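A short write-up of the structure that comes next.
Quick note: the coordinates plus some simple rules give every number you see, no bench work behind them. All of these numbers come straight from a predicted model, not from anything done at the bench. Don't worry about glycine lacking a Cβ; one is built from the backbone with ideal geometry, like all the others, and counts go over all protein chains shown.
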Amino acid sequence: MVELKEREKWSGNADFLFSCIGYAIGLGNVWRFPYLCYQHGGGAFLIPYYVTLICGGIPLFFLEVALGQYTSIGGLGIWKICPIFKGVGYAAAIIAFWLNCYYIVVLAWALYYAYNSISFTLLPWSTCNNWWNLKSCRTLAQMHNYTSVLSCSRATFTTNVSMMACMNNASEHLKQFTSPVKEFWERNALQITNDISEPGTLRWPLVITLAIAWIACYFCIWKGVKWTGKVVYFTSMFPYLLLFILLIRGLTLDGAMDGIKYLFIPDLSKLKTSALWIEASTQIFFSYGLGLGALVALGSYNKYNKNCYRDTLILAAFNEGTCLISGFVIFSVIGFMAKTEGRKISEVADSGPGLAFVAYPAAVAQLPFSPFWSALFFIMIIFIGLDSQFVTMEGFITACVDEWPILRRRKELFIALVCLISFLIGLPTVTQGGMYVFKILDYYSASGWCLLVLLFFECISVSWFYGADRFYENIHDMIGFRPGRFWKWCWIVFTPLLCTSIAIFSLIEYEPVKYKNYQFPSWAEYIGWCIALSSILAIPIYAIAFFAKQTGSLKERWKISTTPTSNQNPSPDDNDKETSQRMLNEHTTAMTNL
């Protein structure tokens, strides 16, 4: 008989919910969702986005949380349910590690902006008289004056041709000017070079803010899950207050509705591009934090009978609500900027990781007491980014500590070592050419094709090999009822089909990574693919090695490789030890029936 081990649990019923809110509702909603919408034609992005949400995002979220809660172990240990697929756990850990190394640089940028918000009477990106500004710099007020002077609507024309000529001349005239917000981002914060082969020097202010972000991350998780569960009560809820303030302000700006229309009116021609489908699907998986082992880790600290199905639906509603609110905020600002500058909405801001550091600062600059509001806004960015960062770290640490228990004795030291190594690996992202490095990592390491492949194997290993019906019975044993069959069919058919289709589509219609109009050289793409393969290759390598290690005929080896081990559920609640022991014995019996 297997001896059950005690495992740390959440100290309160709401700890898990708030931790998941803080994890899933992060920069993927406030930062990445708006810039992907903007990049892919607004409303066109929402069509594949919601298809993926219903058929892939919510089902996989439920699967990962339920799997963690049922097994009460981290992202590597759960694969006792189907040992040959343990490589999926290693792939998830590698992707989580890469994500930790580069994702946190967004916090470094936000800290830099927060510091500049409180260090000056006027926001430094609201004026054109700074050392980094070009002669072509014009403030929003100056641009508004130009659009008034150049307005063609008040003029009288004899023909439509002369009116069009006036509008074209006005538009071309305005294009010669640059925004102080963009100039602060590119010429002060990033000091960006022209090419990835020109890394430049370290941006020491960003090195300092990156170090501060890692120190904060360390102290959020160093004392274990009970401490983490208390931290997220504040870090997950405080940003909503600020987001609603910015929403109200954004909707009152002139031209805001034009931007919101752009968000919802689709450009259907965009649906033919592979980049739209793959980025819409991976945005769902990215924003929900799927495939990284973090949700499994969070679920593993749940009490055995917690209603994880209800929590999944609540979190999905929170997540999508936050995405839409963030979309309203940023597109209302883009509409305002377009009207002020006399440009098309598709031309007013650069689509890319820096969109939140161009459009949002422009919005904040329009508020009274703008330095105060700017500081609060970037503190919000810091909090929501920190949530996702330290929970992803918690998932990685939990997987390692559960797999190698010797690390538990020196867990605080191990966490510090992981933070230090990740900080050093992330230093290239805070050089003058760091944005190019960031874009490569964002495109290849934790989103895109490799994430789709990982989630495909994660899904089929549970639904096809362990058995969707068996897993449904496990869920029934935990929460007391069986959820609708739709989720089971998603696990068996729809989600694997979705992941496979988009992954194949993305390879057939592969589009190299770009930053604005800059095309990366071939060697940079090769590095990106090596980063992607560093995680995905763990799946077949482990499967082949595990299969070869077994003895007997091919059929016997396959049976052993896909049969759950008898100690797959080592630590449900202490109050449920009798139930869990019965389940362990059932799985031992199941080994002879497979």
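A few points about this structure:
- Ranked by how many other beta carbons lie within 10 Å on average, peptides 16-24, 374-382 from highest: 16-24, 374-382
- In this simple spin-label model, placing a label point 7 Å from the Cα along the Cα-to-Cβ direction at both ILE421 and LYS516 gives a separation of 3.6 nm.
- Ranked by the mean number of other Cβ atoms within 10 Å of their residues, highest first, the peptides 547-555, 109-117 fall in the order 109-117, 547-555.
- For the range 424-459, the set of chymotrypsin sites (Phe, Trp or Tyr not before Pro) satisfying both a DSSP loop assignment and a count of at most 12 other C-beta atoms within 10 Å is empty.
- As a rough footprinting exposure proxy, the listed residues THR398, THR127, THR312 were ranked by other beta carbons within 10 Å of their own, and the order from fewest upward is THR127, THR312, THR398.
- For the range 1-121: rounded, prolate or oblate by the Cα gyration tensor [a/c cutoff 1.5]: prolate
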